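Encoded as structure tokens, the structure appears first; notes follow it.
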Amino acid sequence: MKAVLSLALKSAWARRLTLGIVLVAIAIASALLLAVERVRHDARQSFTQSVSGVDLVVGARSSGVQLMLYAVFRSGSATHNLRMDSFDAIVTNPAIDWAVPLILGDSHRGHPVLGTTPAYFERFRYADARPLAFATGRPFAGGIAGVFEAVLGSEVARTLGYRSGDRITLTHGMAAAGPGHEDKPFAIVGILAPTGTPVDRTVHVSPEAITALHLDWAGGAPLPGLAIPAEQVRKFELAPQEITAALIGLKNRADVFRVQRQINAYRGEALMAVMPGVALDELWQTLAAIESTLFVLSALVVAVGLAGLAATLLAALDQRRRELAILRSLGASPGDLFFMLAGEALLVTALGVILGIVLLAGASVLAAPLAREFGIHLSPGLPGGNEWTILASILATGLAAGLIPGWRAWRMALADGLTPRN
Amino acid sequence: MAAAITITDLRYRWRGQPAPCLDIPHFAIAAGERVFLHGPSGSGKSTLLGVLGGVVLPEQGRIELLGQNLVALSARARDAFRADHIGFVFQQFNLLPWLSARDNVLLPTTFSTRRRQRSGNPQAAAERLLTHLDLAPPLWRQPAAELSVGQQQRVAAARALIGRPEILIADEPTSALDAPRQQAFIDLLLAEAAAAGAALLFVSHDVRLAAHFDRIVALADINRAAAEAGA
Amino acid sequence: MKRPLLFAFLLSAATATLAQHRHVHGEGRLDAALDQDTLTLNLELPLDAAVGFERAPKNDKERAALAAAEKILNDPALFRPAAAAQCALQSVQVGMPTFDGSGGHADIEAAHTFRCTVPAALNSVETTLFQSMKRLYRLDARRVGPGGQGAQRLTPNKPVLRW
């Protein structure tokens, strides 16, 4: 068998150009298929793991999608806020265990600023109920004491090179070049560990800080002639009058349907409560069509690559008829020839797949920053889960593509090699 | 010693043909005997070689090679028998173009244990044969496709000879060579067959090449089908 | 400016899915909650899916259809929790429409409550509803349990809610 293997390798080497092209085609096809699968998987991960342990997200009545967008993904903005007294009224519901207000609207160099209470860091959960952890520092102090303290998500700190103790200023609105709050700098007191969720991109401050920033503002612009210095703000009432949304945890998760109905029926203001887990699943269901279309497309690309392999092997088989017949006449068994051809197909497919993995690894390193812009955390490294199944099926198909010429070689008349053809 | 080849009552008919193209009551080649078989194109020479190689099965008759009836063997056993005991040289050289000259010569020893054992050290045997056949060592490592026609034919001869098979069959091996080289090649083949103690069946349409053989046979003389067709 | 553009795109494409409390003929809703050992299944169907009309019955045939629908929803075997969870039905409540003349739509509701000996083993609930109500082609199911929340779409081909 070793001799046959060596012959097979030499024969393949003699046809290295053609096989090389096929190999590259298979590599690109498998890389593409793997990429689609990985983006799909990672997008879903990033998506569904972005929040957990929160039973309801409450906001002013609009679309649930919008509410999820700004409250969880920090994207877009709320058209309406809800009044603080509504929030206070809701949380009197005995079924509610905890509630954390969210105030959005400001930014820091393109990163969203979230005004929230220190309870947020205790209550928020992502992935499999994992709590937030501090890489360095501590949460900002509650109330007046921590009014100019900020906690950064890991990515904010990493991309902007911040450390605990640095001072930053915020910008009004989401535009990077919007009107500033330069007169009121914040001290970074803590940096969160990476979560792979929108939390990483967020700058966290207290609700009081948001009020303080806007004391001398009205209607989205600084009031002319009025400037309240940072050291003066503590004299003012800083408890927020309005919030953007609220996260709610229940004492008993099973009460969620009832509490949701109660909040939706709140009479003081038009509110809506969304079950985040349900919302994410439902959204993903609508995306499933896009998802499977992508998968089918790349599966087709693989099919084309493998059909190319089979076609190449079959075309080569005609040229190799003589070669195989010579081997037969010299004592090679049909099994040997079958092994040579099927082995070649398997080898080319395997090398193609390996090259595809390498290509993908390279590409995902290059594309990771881009994907992060889209909120997807591409996991580099070895294939996992579904991807092995995909790789195995590519290999199996490659082998099958080699079986056809292998079978033909088996059946090929020995006479080919022993009778000269002119 | 037993005869190398004994054919008895052989009849072979191409599928769909009413008359047989081969009808040989008896034909034998002794061990070590060198026989020149000639006949015009289309007289059934290649078919006869196919029968002797076990590639085509006759509808009737005994084909004994070294005392073994080929017809009685299974396909697999025939394959093995052929690889073990017969060396072929063809009109077209049937070398693997991407394989070096020496590796081409070594091919029979990779598939036949018997040929490997009989060659002693296959590498050395291949190099000795190539040297005998006037191929200089620098050529040994060259891919067969890069050799000249004459060189390729000598590589093919060396491949047929390695592992000292008892029977050598050559089918128009000189037709691609020019006249002076034809005789030189035949002389080489004869000498090597003699050195290996192999019976040689040399088939050609060109009787002028027959000078140095032990025996010259016209296919028409042993093949009744040809005689009838001619009559 | 850094923004999760993909989500913005994808989510806006999916806006319709979160519309609250739709009434679409042929589509029902199922809320499943597992609380300690208590499994509550709340079903809400457009009356049309159950009987083919959404108004007070006009004749005996329609009255019979309503009675049949009520019987289906009262069926103790309407939901089949995973056997390993060893759930026993505790109560069934069915709310039939009152036809008080308000609005053109009518819903029909059912609440089945189970008590499960091994709630940790509850990984699925199958419904036979699609077999008995041919006009129903979809149930938008929401579920909560110790593992969190989720949504799933049940259809005649996939009548099993999974955790």
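The values are calculated or read from the model by the stated rules, or taken from the named source; none is laboratory data. Given the structure is predicted, the values throughout are model-derived calculations rather than measurements. Cβ coordinates were reconstructed from backbone atoms using ideal geometry, including for glycine residues, and neighbour counts include every protein chain displayed.
Numerical summary
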item: Entirely in region C:84-163, the strands (runs of 3 or more DSSP E) that have 3 or more residues that are within 14 Å of chain A (Cβ to nearest Cβ); result: C:107-116, C:138-145, C:148-154
item: Residue ID - surrounded by the most Cβ atoms within 10 Å (Cβ to Cβ), chosen from residues in region B:93-108 that are more than 7 Å from every other protein chain (Cβ to nearest Cβ) and modelled with pLDDT under 90; result: B:LEU95
item: Residue list for region A:169-195, filter: surrounded by fewer than 18 Cβ atoms within 10 Å (Cβ to Cβ) and either assigned to a loop (DSSP other than H, G, I, E, B) or in contact with a helix residue (DSSP H, G or I) (Cβ under 8 Å, 6 or more places away or on another chain) (or both); result: A:THR169, A:GLY173, A:ALA175, A:ALA176, A:ALA177, A:GLY178, A:PRO179, A:GLU182, A:ASP183, A:PRO185, A:ALA193, A:PRO194
item: Leading residue by the ranking (farthest from the other protein chains (Cβ to nearest Cβ)) among those in region B:109-143 that are among the aliphatic types (A, V, I, L, M) and more than 20 Å from the chain's Cα centre (by Cα); result: B:ALA136
item: Every residue from region A:263-275 that is more than 9 Å from chain C (Cβ to nearest Cβ) and part of a loop (DSSP other than H, G, I, E, B); result: A:ALA265, A:TYR266, A:ARG267, A:GLY268, A:GLU269, A:ALA270
item: One residue from A:ASP97, A:ASP55, A:ASP106, A:ASP42 being touching a residue at least 12 places away in the same chain (Cβ under 8 Å) and not assigned by TED's automatic domain parsing to the domain that holds A:LEU152; result: A:ASP42
item: Filtered residues of region B:109-139 (kept if in a helix (DSSP H, G or I) and either surrounded by fewer than 18 Cβ atoms within 10 Å (Cβ to Cβ) or acidic (Asp, Glu) (or both)); result: B:THR113, B:GLN117, B:GLN123, B:ALA124, B:GLU127, B:ARG128, B:THR131, B:HIS132, B:PRO137, B:PRO138
item: Yes/no for A:PRO405 being part of a helix (DSSP H, G or I), touching a Lys or Arg at 6+ places or on another chain (Cβ under 9 Å) and either within 14 Å of another protein chain (Cβ to nearest Cβ) or at pLDDT below 80 (or both); result: yes
item: Qualifying positions in region A:159-202 - without any contact (Cβ under 8 Å) to a residue 12 or more places away in the chain and touching a strand residue (DSSP E or B) at 6+ places or on another chain (Cβ under 9 Å); result: A:THR159, A:ALA177, A:GLY180
item: Filtered residue count, region B:11-47, keeping only those that are within 14 Å of chain A (Cβ to nearest Cβ) and at positive phi; result: 2
item: Criterion violated by A:GLY142 - all others in (1) over 24 Å from C:ASP35 (Cβ atoms); (2) more than 12 Å from chain C (Cβ to nearest Cβ); (3) buried (at least 22 other Cβ atoms within 10 Å of the Cβ) satisfied; result: (3)
item: B:VAL217 in contact with a Lys or Arg (Cβ under 9 Å, 6 or more places away or on another chain), closer than 21 Å to B:THR8 by Cβ and not in a helix (DSSP H, G or I); result: no
item: Verdict on A:ILE96 being away from chain C (no Cβ under 14 Å), in contact with a Gly (Cβ under 6 Å, 6 or more places away or on another chain) and not basic (Lys, Arg); result: no
item: The one condition in (1) at pLDDT 90 or above; (2) assigned to a helix (DSSP H, G or I); (3) touching a His at 6+ places or on another chain (Cβ under 8 Å); (4) not acidic (Asp, Glu) that C:THR40 fails to fulfil; result: (2)
item: Counted residues, region B:175-203 - those being assigned to a loop (DSSP other than H, G, I, E, B) and surrounded by 21 or more Cβ atoms within 10 Å (Cβ to Cβ); result: 1
item: Single condition A:GLY64 does not satisfy, out of (1) at pLDDT 80 or above; (2) within 24 Å of A:VAL358 (Cβ to Cβ); (3) within 13 Å of another protein chain (Cβ to nearest Cβ); result: (2)
item: Condition check for B:ARG78: surrounded by fewer than 22 Cβ atoms within 10 Å (Cβ to Cβ), more than 9 Å from every other protein chain (Cβ to nearest Cβ), part of a helix (DSSP H, G or I) and in contact with an Asp or Glu (Cβ under 9 Å, 6 or more places away or on another chain); result: no
item: Complete set of residues in region B:83-92 that are more than 7 Å from chain A (Cβ to nearest Cβ) and crowded, with 24+ Cβ neighbours inside 10 Å; result: B:ILE86, B:GLY87, B:VAL89
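Yes or no, residue by residue, for (1) more than 30 Å from the chain's Cα centre (by Cα); (2) surrounded by 13 or more Cβ atoms within 10 Å (Cβ to Cβ):
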| position | (1), (2) |
| --- | --- |
| A:VAL156 | no, yes |
| A:ARG163 | no, no |
| A:ARG167 | yes, no |
| A:THR197 | no, yes |
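Listed here are the residues, each with its yes/no results for (1) buried (at least 24 other Cβ atoms within 10 Å of the Cβ); (2) modelled with pLDDT of 80 or more; (3) within 30 Å of A:VAL58 (Cβ to Cβ).
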residue	(1), (2), (3)
A:ALA265	no, yes, yes
A:ALA270	no, yes, yes
A:LEU287	no, no, yes
A:LEU294	no, no, no
A:GLY305	yes, no, no
A:THR312	no, no, no
A:ASP318	no, no, no
A:LEU341	yes, yes, no
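Residue-by-condition table, conditions (1) touching a residue at least 60 places away in the same chain (Cβ under 8 Å); (2) in a helix (DSSP H, G or I); (3) under 30 Å from A:LEU19 (Cα atoms); (4) of a type in the set (A, V, I, L, M):
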{"residue": "A:ILE248", "(1), (2), (3), (4)": "yes, no, no, yes"}
{"residue": "A:ARG261", "(1), (2), (3), (4)": "no, yes, no, no"}
{"residue": "A:GLY277", "(1), (2), (3), (4)": "yes, yes, no, no"}
{"residue": "A:SER292", "(1), (2), (3), (4)": "no, yes, no, no"}
{"residue": "A:LEU297", "(1), (2), (3), (4)": "yes, yes, yes, yes"}
{"residue": "A:GLY308", "(1), (2), (3), (4)": "yes, yes, yes, no"}
{"residue": "A:GLN319", "(1), (2), (3), (4)": "no, yes, yes, no"}
